[in-house]
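Visitor: One structure, as structure tokens, below. Some questions next.
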Amino acid sequence: MKKLFCLITLILALMFVSFSTLTARAGNELTYCTCEDWDKDGRFGAVLHKLKIDKKVLKSNIGDYKQCAAHKSSLNRCNGKLDLCACEDWDKDGRFGIVLYKVKKKSPRVLKSNIGDYYKCNAFKPSLSRCK
């Protein structure tokens with residue numbers, strides 16, 4: 001679970017670097033594949049995970065970035081484990097607002113089970129169209 005949280009945090013960080021690019025390609029859903037041994041028999045399978053990311057402006061045009069960051073830290077909604085708040089200036093007028101990125105994890109789906117050991121699964125996984 002801790003590894004999954006770290007992976008989600010990394011994905012969110014990458015999204016903020018180029019969120020418009022990811023949004024154009026995938027809408028508000030982000031997918032990634034892992035190799036997991038769900039039945040604990042030593043054979044790993046490819047599992048597709050989906051994250052749905054909704055964004056909501058909590059407060060717009062607060063002020064400069066420093067003022068926005070100070071206001072953001074006082075909001076309880078911005079202290080979630082998966083949810084993330086960011087100060088953004090969407091209209092490029094120099095006044096930043098607080099945007100909440102709410103992450104919902106959908107149920108994982110096994111794409112191919114019992115491929116083999118972990119390394120064989122990782123080698124096979126890129127051949128699946130949904131894992132590219």
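The values are calculated or read from the model by the stated rules, or taken from the named source; none is laboratory data. Owing to the predicted nature of the structure, the values given are computational and were not obtained by experimental measurement. Please note: Cβ atoms are built from the backbone with ideal geometry, for glycine as well, and neighbour counts cover all protein chains shown.
Visitor: Regarding L75, is this residue touching a Leu at 6+ places or on another chain (Cβ under 6 Å) and at pLDDT below 95?
Guide: On the way: touching a Leu at 6+ places or on another chain (Cβ under 6 Å): no; at pLDDT below 95: yes.
Criteria not met by L75.
Visitor: In addition: Out of all the residues in the range 78-91, is one or more out of contact with any His (no Cβ under 7 Å at 6 or more places or on another chain), of a type in the set (K, R) and either at pLDDT 90 or above or under 20 Å from P126 (Cβ atoms) (or both)? Steps first, answer last, please.
Guide: The initial filter retains those residues of the range 78-91 that are out of contact with any His (no Cβ under 7 Å at 6 or more places or on another chain), namely 78-91.
Remaining after also requiring of a type in the set (K, R): 81.
Checking which are either at pLDDT 90 or above or under 20 Å from P126 (Cβ atoms) (or both) leaves us with none.
No, that holds for no residue.
Visitor: Using beta carbons and a limit of 7 Å, which pairs, at least six apart or on different chains, have the first residue in the range 35-49 and farther than 16 Å from K106 by Cβ and the second one hydroxyl-bearing (S, T, Y) and assigned to a strand (DSSP E or B)?
Guide: G45/S113
Visitor: Right, next: Filter the range 79-132 for residues that are touching an Asp or Glu at 6+ places or on another chain (Cβ under 7 Å) and among the hydrophobic types (A, V, I, L, M, F, W, C); which is nearest to L51 (Cα to Cα)?
Guide: Filtering first and then ranking leaves V103.
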